[in-house]
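Quick note: the coordinates plus some simple rules give every number you see, no bench work behind them. Note that the structure is a prediction, hence the values are computed from the model and not measured. Backbone-built Cβ (ideal geometry, glycine too); neighbour counts: all protein chains shown.
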Amino acid sequence: MKYENIQDHQILNYEVLKIVIFEETKKLFEDRPYIIEKWKREAYNVSPEERLKQFPDKTIGPSFRSLISLFTQTLYYDQYITKKMIKDAVEVYKETIKVILAGQFINEFPDDEIKRSFNEDKINETLNLDYIYSSMDYEFHLMRDIVTKKKDFKEGDAGYLTTEIIDNRGKVRGFAELRPYESQTAQLTSEQNEVWLELIESTINSLDELTADLFDLITYLWMVSPKNPDGYIEFHSNDALQIRNLKKRTSKGREHDYREEDRFNIMRRVAALSSIWISLGDRKVKIVNTQNIDDNELYKFKDFQRMFELGQVRVAYDKKSGEAKGIYAVQIKPTAVLTPYLVGPNRSLGLLDLKVFQYSHYTQREHKRLTRYLNLQWKIRTIKRTLKQPFKISTILKAMDLPSRLNGLQIRDKFENTLDELQKDGVIKHWSYNVEVNESLVGKKGWFKEYWTKLNVIILPPEIVVKENQKNTLINSPTNVDNRIIERMYQVDQQDLLDIEEQSGSYFSIHEVAATIEAKSVKEPHHLASETIQQTFDFGESKNISLTPEAMKETIDNLGKSIRQAAKEIGIAHTTLSRFIRGENKRQNKNNDEKMLNWLIEMSNNFIK
């Protein structure tokens, strides 16, 4: 059968549906010939078992099976499907399809996909813009700055390395602790865990300006990228290496991949970020100056929370030996200590120049620090309309944090050269002294502290920074990605293949190409527009307790448990429990229902006792 001969409004049987899905979606993955080649075989060949049962068997790979499920179990569940419906869906949901299949590709094509980032398009877009968005809240700035100051961390009473988070007026705003061995590794295999522990062994030495870069990049990507149902994005070492304009290895004139050492340097800093725990002061409480405090108990601080939470990791393995080479990517998300500055009505976002990532954290540390500080100040001054207000040189020097070994003349040279280079690179529009420097005083006793550092400079931002800072910047998950469908497909893909094969019906009860019908609008998929009626089960084991979604949700809430915790106690997958509570189970599974009812009865008896 020629694909061109299939009519747009023709109802598709299973065999033809596979072909149409392949032909309409292959254009989304033209840069992955290994995927297209495999999909083509799976689309144009039908096994005897497939033909008999009219659904994918084990000969179909996870990615193509997931693609079929997207149309048959999510977008057009319980509907006749036509070629036009698939065309429309691919056009509307092409970005969503890419997100859904990304995880399947990792498992199915590990050698090819390990070096690919989910965020490749977003990074390319960012490189074209020359800036990212970042929180311009001062507390956010202080938390980012603390990850650059390894020398400030000292051993505390609890055995952790700890430091105070102090603002520019010398007031304590919170505490930071390094807890490298409390990093989340529960989801890792023993081999992956060993690789991860190798990364966090050098946590304290990983705190520097490059770590602050990753802090900014990860929080930015979390704001602009689609997330999985647990709120994670995947951060790949490529994201940082690409945005830093790091060169790839070359051999005989051919470009290869990034150096493993460069990847390791990125990922060990991500490990460091996941090892930092923060305790901030309650904003309703006046913070006491550190000079007037003798006991930490006088501080009114919230409980410590980690900065970033980790999920799964992607490990690269040597093709010959099979040994783990290193971690290439991690699932990561900022925790509640950071998210108020990134989402919600009270956040304050502004531009952060991309040059901050491209300056060297070894030789241009002051460039990085001053770029971050100025971007923060320009946001504040744009709102207050005080952009032309001079900066004190002493304030700028404090932000630059130059080495104490430098003398006055060296510091002045460093100061002026840094501002000249920032102006040359377009990070700042213009800078100048507020008044002409009296050079006759320079070099004389006390000139540095008593004269030069008390001078003022005017530093003006580029026009685009002013323009963007005047906006009430809103950044949300991309509108071209439908998170409802991603969550639904996540639930579908979590079902075991055996669970699919045990279904009494097939994907289709239609075995012949039939008449034509008008396609329903793809913008309102059937399963999302209608509500599923969930059955109530009473197994007779208790006269007073019935298994209903409402009873299950109420019990879990009363116990103060998460769905994951309850599912673990019941002995079922958390996705199964989540579907039951949401009323999304399509068929009854008596074994699972019995487990849930028994758990409800047991919890009820515990309440009575």
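Using 0.36 nm per residue of separation minus the Cα-Cα distance, give me the extension gain between Asn107 and Gln358 in nm, one decimal. Could the numbers behind the result be given before it?
Details: separation 251, 0.36 × 251 = 90.36 nm, distance 3.28 nm.
This chain segment gains 87.1 nm when fully extended.
Scan the stretch 1-33 for GluC sites (Glu not before Pro) in coil per DSSP, keeping those whose Cβ has at most 12 other Cβ atoms within 10 Å, and list them by number.
Taking the stretch 1-33 and a limit of 12 other Cβ atoms within 10 Å, the loop GluC sites (Glu not before Pro) found are Glu30.
Share of Cα-Cα pairs in the stretch 10-123 beyond 19 Å, in percent? Provide the component values of the computation, followed by the final result.
On the way: 2816 of 6441 pairs.
In whole percent, the share of Cα-Cα pairs in the stretch 10-123 beyond 19 Å is 44.
Nearest 0.05, what FRET efficiency do Lys26 and Leu129 give at R0 = 41 Å with Cβ-Cβ as r?
0.85
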At most 11 other Cβ within 10 Å, DSSP loop - chymotrypsin sites (Phe, Trp or Tyr not before Pro), the stretch 356-430: Tyr362
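Can you figure out the FRET efficiency of Leu406 with Ser432, using R₀ = 30 Å and their beta-carbon distance, to the nearest 0.05?
FRET efficiency, Leu406 to Ser432: 0.85.
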Tell me, what is the FRET efficiency for Arg564 and Val343 to the nearest 0.05, using R0 = 30 angstrom and their Cβ-Cβ distance as r? 0.85
If each Cα of the stretch 124-180 is one equal point scatterer, what is log10 of I(q)/I(0) from the Debye formula at q = 0.19, 0.25 Å⁻¹? -0.74, -1.00
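Near Leu460, within a Cβ-to-Cβ distance under 11 Å, what is the net charge of the other residues, with Lys and Arg +1 and Asp and Glu -1?
Spelling it out: positives minus negatives among the neighbours equals +2.
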Above 14 angstrom, tally the Cα pairs of the stretch 343-420 and express them as a % of all pairs, no decimals. 67 percent
Whole-Å distance linking the alpha carbon centroid of the stretch 213-228 with that of the stretch 27-98 is 30 Å
Taking the Cα-to-Cβ direction at Glu95 and at Thr59 and moving 7 Å from each Cα, how far apart do the two end points lie in nm? 3.8 nm
Can you pull out the GluC sites (Glu not before Pro) in the stretch 367-451 that DSSP calls coil and that have at most 16 other Cβ atoms within 10 Å? Glu436, Glu439
Could you put Phe580, Phe175 in order, starting from the residue whose Cβ has the fewest other Cβ atoms within 10 Å? Phe175, Phe580
Quotient of C-alpha Rg and 2.2 N^0.38 Å, computed over the stretch 384-478: 1.32
